[in-house]
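Shown next, in structure tokens, is the structure this report addresses.
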Amino acid sequence: MSLNLEQYVSEFSAQNINGEHLLQLDGSKLKALGMTSSQDRAIIKKKLKEMKASLEKARKAQEKMEKQREKLRKKEQEQLQRKLKKTDKSTPDATEGTNEQ
């Protein structure tokens, strides 16, 4: 509707074309849905291309964020392990004191 193509809304709805299906449409599928105007198909294809690029950019950003989180988790885990090792080395073993007595 934002592309001024509301004449196709009823056919898209009747065919259960949702966002996921929409991204799979190409020129021939659009034509089969009753979009006879090549200009209208061109508008939709251009918008779909933009949407796919935007989705890909968002997916990459999400992956980058997940990698950063994983890196941070590993770093925190390593620091915790180092602290535990230092604590183990600095505290005398309780059994050593009792054996000497």
**Prompt:** Restricting region 9-41 to residues that are without any contact (Cβ under 8 Å) to a residue 24 or more places away in the chain and aliphatic (A, V, I, L, M), which is least open to solvent (accessible area, probe 1.4 Å)?
**Reply:** Leu30
**Message:** Can you tell me which residue is nearest to the chain's Cα centre (by Cα) among those in region 42-68 that are open to solvent by 100 Å² or more (accessible area, probe 1.4 Å) and over 19 Å from Gln7 (Cβ atoms)?
**Reply:** Arg59
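The values are calculated or read from the model by the stated rules, or taken from the named source; none is laboratory data. Model, not experiment: these values are computed from the prediction. Here Cβ is always computed from backbone atoms with ideal geometry, including for glycine, and neighbour counts include all displayed protein chains. Ligands, DNA and RNA are excluded from the accessible area calculation, which covers all protein heavy atoms including side chains. Shrake-Rupley method; radii C 1.70, N 1.55, O 1.52, S 1.80 Å.
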